[in-house]
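Visitor: Take this structure, written in structure tokens, and hold onto it; I'll ask about it next.
Just so you know, all these numbers are worked out from the coordinates, no wet-lab data involved. Quick caveat, the model's predicted, so the values are computed rather than measured. Backbone-built Cβ (ideal geometry, glycine too); neighbour counts: all protein chains shown.
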Amino acid sequence: MKKKIKGKFNFILLIFLAFLVLYFTIKDDFPSILEQLRTIQKGWLFLGICVMIVYFLVRSVPLYVFARKFKKNYSFKSAVSLTLKTEFFNGVTPFASGGQPFQVYELKKQKINLTDGTNIIIQNFIVYQIALMLLGIFAITYNHYFHLFEEVTLLKKLVTLGFFVNLTVTICLFALAFLENFNNFIIKKGILLLTKLHLIKDPLKKEKDFRNYTKNFHEGAVILLQEKKKFIGLIGINILALLLLYLIPLIVLKGTNYQSSLNILSCIVSVSYVMLISSFVPLPGATGGIEYAFMSFFGYFITKPTISTVMILWRFMTYYLGILLGAIALTIKGRER
């Protein structure tokens, strides 16, 4: 009951924030934005949607590869369906926290046990996180040498913070995977502290649960690194998927006939910066923060009202489309293998 109430609250909050951001985005240029939306070239919009669909398909490949190791007849259709459902739960929960628990639950429904399901999700998350960090490093390095953006103190601090948040997550992944003695020490001390604070009733059971979790994490990472070519290949596939995602603003911009200095590289760097900032915004879909970041960085290449038009369409394609397709996938009843 509590989960349902929380889910409804998140959905209502998401709708409210979306309308609030939309209002502040269009309130000053509403007639011009409406005209641009009316006259935009539909072919470019169709291309953008097609690129997003390809993005979802490519993102499903690593999940499919990992799942096949534990269930030989696992289908690519199931991987795509799970990817879309994950988009929905990531989209409606703060910090995109709902996707991975749902993935484990869904894999269990598909006859993959909890341990193997956890390993699949861990391995999938590791290759994705590494790909995200590599593109972030590329963006920061590129901007350092080619100076796409001015040194705006607030934006620089936000990008730096976002980079270190993602770097910390990546380091913690590898610490959990390979520093077994350190993990056991942290678990033991953490359980002791939580027990003293009366937040844990059965410390022995909790300690056992945490040790099993880190053991699964370790086993998943070891399996992943034993197959180095596959490991590198799946990172490459995630980079490809992210590059498709990062090109959406340029595709949308082409449809407006706006003449801009924005090119493929500057678009990739700009979206990488937007993604770094959005990583620590504690609202569903990083709503508010991600729009602010988009307007700030793409504002170097696009002026109003065109930037507002591009941002609205970009946000629909990269966020709301995933939620919509995920919701449809959740309503489809079928036998998944």
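Visitor: Please give, to one decimal in nm, the separation of the simple spin-label points placed at T195 and T39, each 7 Å out from Cα toward the Cβ.
Guide: 7.2 nm
Visitor: Of L197, V271, V281, which is farthest towards the positive pole of the chain's charge dipole, taken about the Cα centre with +1 and -1 on the beta-carbons of Lys, Arg and Asp, Glu respectively?
Guide: Final value for the positive-end residue is L197.
Visitor: Next question, about the same structure. About the Cα centre, and with charges only on the beta carbon of Lys, Arg (+1) and Asp, Glu (-1), how big is the dipole of the chain? Nearest 20 debye, please. Walk me through the numbers before you get to the answer.
Guide: Details: 38 positive and 16 negative charges, 338 e Å.
Value, rounded to 20: 1620 debye.
Visitor: Further question on the same structure: What nm distance separates the two modelled labels at C50 and F76, each placed 7 Å from Cα along Cα→Cβ?
Guide: About 1.8 nm, to one decimal.
Visitor: Still on this structure, I have one more. Using 0.36 nm per residue, how much length does the chain from F174 to I264 gain when fully extended, once their Cα-Cα distance is taken away? Don't jump to the answer; show the numbers that get you there.
Guide: Numbers: separation 90, 0.36 × 90 = 32.40 nm, distance 3.22 nm.
29.2 nm is the gain from fully extending F174 to I264.
Visitor: Taking 0.36 nm per intervening residue step and subtracting the Cα-Cα distance, what contour gain separates H147 from N181 on full extension?
Guide: Details: separation 34, 0.36 × 34 = 12.24 nm, distance 4.40 nm.
Separation in residues times 0.36 nm, less the Cα-Cα distance, equals 7.8 nm.
Visitor: Among 102-115, 288-301, 188-201, how do they line up by average Cβ neighbours within 10 Å per residue, starting with the highest?
Guide: Details: 102-115: 16.5, 288-301: 20.3, 188-201: 12.3.
Highest mean packing first, the order is 288-301, 102-115, 188-201.
Visitor: Here are some pairs, K108/K208; K71/K111; K72/K229; K71/K108; K71/K206; K69/K206; which of them have Cα atoms lying more than 18 Å apart in this structure? Please report the intermediate quantities before stating the final value.
Guide: Values: K108/K208 21 Å; K71/K111 8 Å; K72/K229 20 Å; K71/K108 11 Å; K71/K206 29 Å; K69/K206 29 Å.
In this structure, K108/K208; K72/K229; K71/K206; K69/K206 exceed 18 Å between Cα atoms.
Visitor: Averaging over all projection directions, find the projected area of the Cα convex hull of the chain and quote it in nm² with one decimal place. Provide the component values of the computation, followed by the final result.
Guide: On the way: hull surface 77.1 nm².
Taking the Cα atoms of the chain, their convex hull projects to 19.3 nm² on average.
Visitor: While we're looking at this one, here's another question. Relative contact order of the range 160-319: what whole-number percent is it, with Cα pairs under 8 angstrom and at least 6 residues apart? Each step should come with its number before you reach the end.
Guide: On the way: 107 pairs, mean separation 36.9, N = 160.
Taking the mean separation of contacting Cα pairs over the length of the range 160-319, I get 23 percent.
Visitor: Taking θ as phi - 60°, what are the ³J(HN,Hα) couplings along the range 66-79 by the Karplus curve (6.51, -1.76, 1.60), each to the nearest whole Hz, with x for Gly and Pro?
Guide: 5, 5, 5, 5, 9, 9, 4, 9, 5, 9, 5, 4, 5, 5
Visitor: Between K228 and K188, take the C-beta separation as r, use R0 = 35 Å, and let me know the FRET efficiency to the nearest 0.05. Working shown, then result.
Guide: Details: r = 33 Å, r/R0 = 0.95.
Working from the Cβ atoms, E equals 0.60.
Visitor: Hey, rough spin-label estimate for I332 and L161, points 7 angstrom out along Cα→Cβ, what's it come to in nanometres?
Guide: 4.0 nm
Visitor: Which value, in debye to the nearest 20, gives the size of the charge dipole of the range 138-209 about its Cα centre, when Lys and Arg are +1 and Asp and Glu are -1 at the Cβ? Provide the component values of the computation, followed by the final result.
Guide: Working: 9 positive and 6 negative charges, 94 e Å.
Dipole of the range 138-209, to the nearest 20 debye: 440 debye.
Visitor: Can you give me the orientation-averaged projected area of the convex hull built on the Cα atoms of the range 22-176, in nm²?
Guide: Numbers: hull surface 51.4 nm².
Hull-based average projected area comes out at 12.9 nm².
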